[in-house]
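Visitor: Structure in structure tokens, see below.
The values are calculated or read from the model by the stated rules, or taken from the named source; none is laboratory data. Values in this document were obtained by computation on a predicted structure and should not be read as measured data. Cβ coordinates were reconstructed from backbone atoms using ideal geometry, including for glycine residues, and neighbour counts include every protein chain displayed. Accessible surface is based on the protein model in full, side chains and every heavy atom, while ligands, DNA and RNA are left aside. Shrake-Rupley method; radii C 1.70, N 1.55, O 1.52, S 1.80 Å.
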Amino acid sequence: MLEDDPIFNAGAGSVLNEKGEVEMDASIMDGRDMSAGAVAAVTNIKNPVSLARLVMEKSKHVLLLGTGAMEFAKKWNVEIADRSYFITDARQKQWEAARDADALSLDHSTSQPEKKINNKMGTVGAVALDSSGNLAAATSTGGLVNKSFGRVGDSPIVGSGVFADNDTCAVSCMGVGEHMIRTNVAKMVSDFMLMQNKDVAEASVAAIEYFSKRISGMGGFIAVGKDGKFACEFTTPQMIYGFTTTEHEPAVRFDTLTK
Ligand code: ASP
């Protein structure tokens, strides 16, 4: 599971907030009935996306945050881990550098926040279409390096960091969450399909163009359409994504922005 791999900014290996602590956001959405579950600013939850799924399946709500989400997790015997499980040396050093520079950055940015990318990996997301035509999306993140205590990004916000509707597509976003929230970019991909009859690739290009031109947004997304075609668009210098189909072996791509 991607949250268990400390190389990614989700679960173990999450970035640290301004207090040097991990606060994670995660979401999941089922395109069949557009049910969704999300958690925000949770600590010590080994797999936040599993907790998001429990919110979707067992609660009457879509989004639980902070101590309320933690109490809900306890009720459902969700696996908890110590602080040391989440915090890696690399993340500690990254946070110390950001704190000393009073900088806020994407987890993979270096000295120029939101601009320079090295080969560290970030937020994790997944989109899927099954053989019955059902779409689903999920996103999990530690957020931005040195973010304010209590800051919530796009990842747990339906329509911004995650979206799935069997009539259109499933989308999962990464990047500067504030930019995603302001533009509702995940839902925008779906809306372009629904209202302008675009396919997922065309809708994704239209959404990223709006995101880029309108607010100079920094981020990207993966999307799969109801026809099984998929798309990946981004405004960050680079994006890593993988895909597999019944006809293709799993593949991973590391794309660089060329536009
Ligand atoms: N979108 C995430 C957030 O703003 C961060 C990321 O994708 O790296 O919380």
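Visitor: For region 212-256, give me the residue count where each residue is farther than 24 Å from S190 by Cβ and among the acidic types (D, E).
Guide: 2
Visitor: Being touching a residue at least 24 places away in the same chain (Cβ under 8 Å) and among the polar types (S, T, N, Q) is the filter; apply it to region 161-201 and report the residue that is farthest from the ligand (Cβ to nearest atom). First the steps, then the outcome.
Guide: Residues of region 161-201 that are touching a residue at least 24 places away in the same chain (Cβ under 8 Å), as a first pass: 161-187, 189-190, 193-194, 199-201.
Cutting the leftovers down to among the polar types (S, T, N, Q) gives us 166, 168, 172, 183-184, 190.
Details: N166: 25, T168: 22, S172: 10, T183: 13, N184: 14, S190: 18 Å.
Among them, the one singled out is N166.
Visitor: Within 16 Å of the ligand (Cβ to nearest atom) and open to solvent by 20 Å² or more (accessible area, probe 1.4 Å) - does that describe any residue in region 223-232?
Guide: Just the residues of region 223-232 that are within 16 Å of the ligand (Cβ to nearest atom), to begin with: 223, 232.
Within this subset, residues satisfying the condition of being open to solvent by 20 Å² or more (accessible area, probe 1.4 Å) are 232.
Yes, because at least one residue in region 223-232 is within 16 Å of the ligand (Cβ to nearest atom) and open to solvent by 20 Å² or more (accessible area, probe 1.4 Å).
Visitor: Any idea which residue in region 86-99 is nearest to L2 (Cα to Cα), counting only those that are aliphatic (A, V, I, L, M) and in a helix (DSSP H, G or I)?
Guide: Residue satisfying both the conditions and the ranking: A90.
Visitor: Taking A203 as meeting all but one of (1) more than 22 Å from N166 (Cβ to Cβ); (2) part of a helix (DSSP H, G or I), write down the number of the exception.
Guide: (1)
Visitor: While we're on this one: Does A128 fit the bill of being at pLDDT 95 or above, open to solvent by 50 Å² or more (accessible area, probe 1.4 Å) and away from the ligand (no atom under 14 Å from the Cβ)?
Guide: Numbers: at pLDDT 95 or above: yes; open to solvent by 50 Å² or more (accessible area, probe 1.4 Å): yes; away from the ligand (no atom under 14 Å from the Cβ): yes.
Yes: the conditions hold for A128.
Visitor: Another question, if that's okay. Consider L135 carefully, then state whether it is surrounded by 23 or more Cβ atoms within 10 Å (Cβ to Cβ), more than 14 Å from the ligand (Cβ to nearest atom) and within 17 Å of the chain's Cα centre (by Cα).
Guide: Numbers: surrounded by 23 or more Cβ atoms within 10 Å (Cβ to Cβ): yes; more than 14 Å from the ligand (Cβ to nearest atom): yes; within 17 Å of the chain's Cα centre (by Cα): yes.
Against the criterion (surrounded by 23 or more Cβ atoms within 10 Å (Cβ to Cβ), more than 14 Å from the ligand (Cβ to nearest atom) and within 17 Å of the chain's Cα centre (by Cα)), L135 qualifies.
Visitor: A further question follows. Name every residue in region 43-85 that is open to solvent by less than 30 Å² (accessible area, probe 1.4 Å), part of a helix (DSSP H, G or I) and not hydrophobic (A, V, I, L, M, F, W, C), in order of residue number.
Guide: Correct list: P48, G66.
Visitor: Just need a number here: residues in region 202-222 that are away from the ligand (no atom under 16 Å from the Cβ) and open to solvent by less than 10 Å² (accessible area, probe 1.4 Å).
Guide: 2
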